[in-house]
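The values are calculated or read from the model by the stated rules, or taken from the named source; none is laboratory data. Computed from a prediction, not measured in an experiment: that's the story for all the values here. All Cβ positions, even for glycine, are placed from backbone atoms using ideal geometry, and neighbour counts span all protein chains on display.
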Amino acid sequence: MFLFVFLFGWAPRAGAVHLQEFRRRTKAEKAEKKLLAQGKTCDRLRLILGSCFSVSGDFTGFRVRKVKDLAWGVLAQMGLVLLIVIWLITLLSTYFFVAKTWWLPVGASALAPAIDHHFTSTYILMGIVFVAAQLSLGALVWMYRDRKGARDVQYSHGNVTMEIVWTVLTAVLFVGLNLMSSSIWASERFRPADPGAVRVEVTGMQFAWYFRYPGPDGKFGTTKPELEDASSGGEGALGLDTTDPASKDDVVTSTMFVPVNHEVEVILRAQDVIHSFFVPSMRFKQDAVPGLAIRMHFTPTQTGDYEIACAELCGLGHYKMHGMLKVVSQDEFDRWLAAREAEKQ
Ligand SMILES: [Cu+2]
């Protein structure tokens, strides 16, 4: 509505008025140049141009007056232009959130509904504050614009009571939102994974993800930095020590398979720099830090293929550090793992 009024009402009308004024001034300037070339006086100039400008005094006075007229013209419109720009940005950006133009992908994990609920509550609260603040800003810019007869600007030392009130309100809002979400955050991190959870070691390196399953013995084999060879991929990239009996049945893949409705424990590692294991559909994101084994868990609730991204700017090839998570039925998962084990023998 606002955009419509701006595009089809105010803007063309203002444009037409300015064009008319521009033509009149151009004509006046030509006449002025002609007179100057003829060495005529400014009194004569005033007689000719009187209808276009409120000229007074000598030629220098005329120039100053002309510049002032132009400056007042621009300033008079500036408050309105700023109001329109601020309100347009505010309303357009709010529209995209309300219409969910670019929104989260489908939530396919047990915690996704709780995370989405918290996300939405936060957006509504912050959205109200954002819209109210920006609309007020636009209105104040317009109300206190510079204009003829405006009061002189006075420096304000601020209002201590109001400063305290909005600082406390902001603190309450942020701490409150954190407390509301802390149980969701903690449930994936502080509560240990179920003993029967599927364990997957996820290793990030420039610029790939590798997934390791411990095999039937339930133990991950030893990895050694001196054995790491990124160019060989798979086990070699992780530096798996094949002389360790526990490593004999370890399965290393570049696609992550997990069974649906079964808790998955992720052990996050990084070989070179900090990476971030991000699976938007699982609402799962955690940094992988060199030297640490970070344990977290999630439960996928819908079968399907889901994208894995690296959410940490980790180097030149960061943009292609992409992986796939395949959530399949328990039977399919068992068959897939058995086939990988058979390939190893
Ligand atoms: Cu990365």
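Of all residues in the stretch 67-97, those being surrounded by fewer than 14 Cβ atoms within 10 Å (Cβ to Cβ), β-branched (Val, Ile, Thr) and at pLDDT 90 or above number 2. Determine if the stretch 122-137 includes at least one residue that is assigned to a helix (DSSP H, G or I) and over 28 Å from ILE84 (Cα atoms). No, that holds for no residue. Anything in the stretch 266-314 that is hydrophobic (A, V, I, L, M, F, W, C), outside any strand (DSSP E or B) and more than 16 Å from the ligand (Cβ to nearest atom)? List them, or say none. Matches in the stretch 266-314: MET282, ALA293.
Under 28 Å from the mean Cα position of the chain (by Cα) and not charged (D, E, K, R) - does that describe any residue in the stretch 256-265? Yes, because at least one residue in the stretch 256-265 is under 28 Å from the mean Cα position of the chain (by Cα) and not charged (D, E, K, R).
The residue that is nearest to ASP250 (Cα to Cα), counting only those in the stretch 315-341 that are assigned to a loop (DSSP other than H, G, I, E, B) and at pLDDT below 95, is MET321. The residue that is surrounded by the fewest Cβ atoms within 10 Å (Cβ to Cβ), counting only those in the stretch 200-259 that are without any contact (Cβ under 8 Å) to a residue 40 or more places away in the chain and β-branched (Val, Ile, Thr), is THR243. Residues of the stretch 183-225 that are farther than 23 Å from VAL260 by Cβ and within 16 Å of the ligand (Cβ to nearest atom): THR203, GLY204, MET205, GLN206, PHE207, ALA208. When ALA237 is tested against (1) away from the ligand (no atom under 16 Å from the Cβ); (2) in a helix (DSSP H, G or I); (3) at pLDDT below 95, just one condition goes unmet, and that condition is (1).
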